[in-house]
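Asker: This structure is in structure tokens; I'll ask about it shortly.
Values quoted throughout were computed directly from the atomic coordinates according to the rules given, and no laboratory measurement underlies them. For clarity, every value in this text was computed on a predicted model and none was experimentally measured. Ideal geometry is used to build each Cβ from the backbone, glycine not excepted, and the neighbour counts take in all protein chains shown.
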Amino acid sequence: MNNRHPFFAAVYLIARRGDTILMADRQNTGYADGQWSVVAGHIEAEESMFSALQREALEEAGVIIAKEDMRVVHVMHRNCGVENSRFDIFIESEKMIGEPYIAEPEKCSEMRWVSVLALPENTVPYVREAIVHIQRGEMLSEYDF
């Protein structure tokens, strides 16, 4: 019997300003609509985690982030059932070129800086958990196993 199943990887931007992070209220995406999350997306073929994050930051928030201004702060192995598992890579940056704005208004109803100590009630649960781990300085976690 073959117990292998696919793994997917996604990147998440922890854009910081002091004790706040940039978050967006998702809409019309087909996933976690009506919940708050950070700028994020899947790593596409032929793409590094850093280039994926640069692409997502520009597509979703209209900002440019240099690779040297990024650092991996957390990796979460997330169980998504029998279909697949995910590795979610959370990358922090305090520097960016441009002021973040809703660059995909069809997919986002609001974007704002939120205190890490007062995340919106309807934050995507695994994103909330990852932020807690990041605040504790914990590099690795598992979710929903």
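Asker: Using the 10 angstrom Cβ neighbour count as an exposure proxy, how do LEU22, LEU53 rank, fewest first?
Answerer: Ordered by Cβ neighbours within 10 Å, fewest first: LEU22, LEU53.
Asker: What are the principal axis extents of the Cα atoms in the stretch 76-115, in Å, biggest first?
Answerer: 40, 26, 20
Asker: I want the antiparallel fraction of DSSP beta bridges within the chain, as a percent rounded to 5.
Answerer: Bridges in the chain that DSSP calls antiparallel: roughly 60 percent.
Asker: Going by how many other Cβ atoms sit within 10 Å of their own, how do TYR101, TYR12 line up, fewest first?
Answerer: Neighbour counts put them in this order, fewest first: TYR101, TYR12.
Asker: Sticking with this one: If we count other beta carbons within 10 Å of each Cβ, what is the order of GLU46, GLU94, fewest first?
Answerer: With the fewest neighbours first, GLU46, GLU94 line up as GLU46, GLU94.
Asker: Rounded to the nearest Å, what's the spacing between the alpha carbon centres of the stretch 41-71 and the stretch 120-145? Just the number, please.
Answerer: Each part's Cα centre sits 20 Å from the other's.
Asker: Sticking with this one: Do me a favour and compute the ellipsoid semi-axes for the stretch 81-145 from its Cα gyration tensor, root of five times each eigenvalue, largest one first, whole Å.
Answerer: Ellipsoid semi-axes (Å, largest first): 24, 17, 14.
Asker: Using DSSP loop states and a limit of at most 15 other Cβ atoms within 10 Å to flag trypsin sites (Lys or Arg not before Pro), what is the longest stretch of the chain containing no flagged site?
Answerer: It runs 5-94.
Asker: Still on this model: In nm, to one decimal, how far is the modelled label at GLU138 from the one at HIS77, with both set 7 Å along Cα→Cβ?
Answerer: Distance between label points: 1.5 nm.
Asker: If you average 1/r across every pair of different Cα atoms in the stretch 1-74 and take the reciprocal, what Kirkwood value do you get, in Å?
Answerer: 13.8
Asker: When every alpha-carbon pair in the chain is counted, what percent end up more than 24 Å apart?
Answerer: 27
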